[in-house]
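The values are calculated or read from the model by the stated rules, or taken from the named source; none is laboratory data. None of the values given here were measured: they were computed from a predicted structure. Using ideal geometry, Cβ is built from the backbone for each residue, glycine included, and neighbour counts are taken over all protein chains shown. Accessible surface is based on the protein model in full, side chains and every heavy atom, while ligands, DNA and RNA are left aside. Shrake-Rupley method; radii C 1.70, N 1.55, O 1.52, S 1.80 Å.
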Amino acid sequence: MAIRNILTQGDEMLTKRCRPVTNFDERLHILLDDMKDTLVQSGGAGLAAPQVGVLRRVVVLLDINQEPEEMVELVNPEVIEMNEQVPTVEGCLSVPGKYGYVERPTWAKVRAQDRFGNWFEREGEGMVAQCFCHETEHLDGHLFTEKVLEYVDLEQENAE
Ligand code: ZN
């Protein structure tokens, strides 16, 4: 297992559409394990493979709806259902220090495969639903900054 370098906005890799995973092999398992280590070390909520320079449809995220919170692996994920979207503050490990309001659902459901290729569905609320959408967009080469309604200065808000 290893910590991988997280690419930041301006890197071309973050603008590419990722290919579906077709081989559920050792190589995929190493990628998932590395991404989980990298996410834990970064302190973020979710990480998509293109953020570590791999153009495959792979995501890891922290499901804080569970007690204790659970690290979830999503291979070839697709958001299949969501409720009404509301402006929600968001950030991204690839866009350090920037936060802004983005329209996000407060509940969503994804369909994905696990590391062995088995399909499953998973629901998430709040930040988890937000993460399903944010990470899936990474796989299509999109960053949240394309959707920001208004930037916020978190440090400023905390000080007030
Ligand atoms: Zn991100």
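Residue pairs whose Cβ atoms lie under 9 Å apart, sitting 6 or more positions apart in sequence or on different chains, and linking a residue in the stretch 35-63 that is closer than 12 Å to residue 14 by Cβ to a partner that is hydroxyl-bearing (Ser, Thr, Tyr) and away from the ligand (no atom under 15 Å from the Cβ), do not occur here. Taken residue by residue, the stretch 95-108 has no member that is under 30 Å from residue 25 (Cα atoms) and polar (S, T, N, Q).
Does any residue of the stretch 72-92 turn out to be under 29 Å from residue 23 (Cα atoms), of a type outside the set (Lys, Arg) and in a loop (DSSP other than H, G, I, E, B)? Within the stretch 72-92, one or more residues are under 29 Å from residue 23 (Cα atoms), of a type outside the set (Lys, Arg) and in a loop (DSSP other than H, G, I, E, B). Filtering the stretch 1-14 down to residues that are in a helix (DSSP H, G or I) and open to solvent by less than 90 Å² (accessible area, probe 1.4 Å), which residue is farthest from residue 138 (Cα to Cα)? Result: 13. Of all residues in the stretch 74-96, those satisfying the criterion of being more than 13 Å from the ligand (Cβ to nearest atom) and either closer than 19 Å to residue 51 by Cβ or of a type in the set (Phe, Trp, Tyr) (or both) are 74, 75, 76, 77, 78, 79.
Scanning the stretch 15-55 for residues that are outside any loop (DSSP other than H, G, I, E, B), under 19 Å from residue 143 (Cα atoms) and open to solvent by 60 Å² or more (accessible area, probe 1.4 Å) yields 15, 19. Selection over the stretch 1-21 of residues that are charged (D, E, K, R) and closer than 19 Å to residue 146 by Cβ gives a count of 4. Would you confirm whether or not the stretch 120-132 contains a residue that is within 11 Å of the ligand (Cβ to nearest atom) and closer than 19 Å to residue 36 by Cα? Within the stretch 120-132 (the criterion being within 11 Å of the ligand (Cβ to nearest atom) and closer than 19 Å to residue 36 by Cα), the answer is yes, since at least one residue qualifies.
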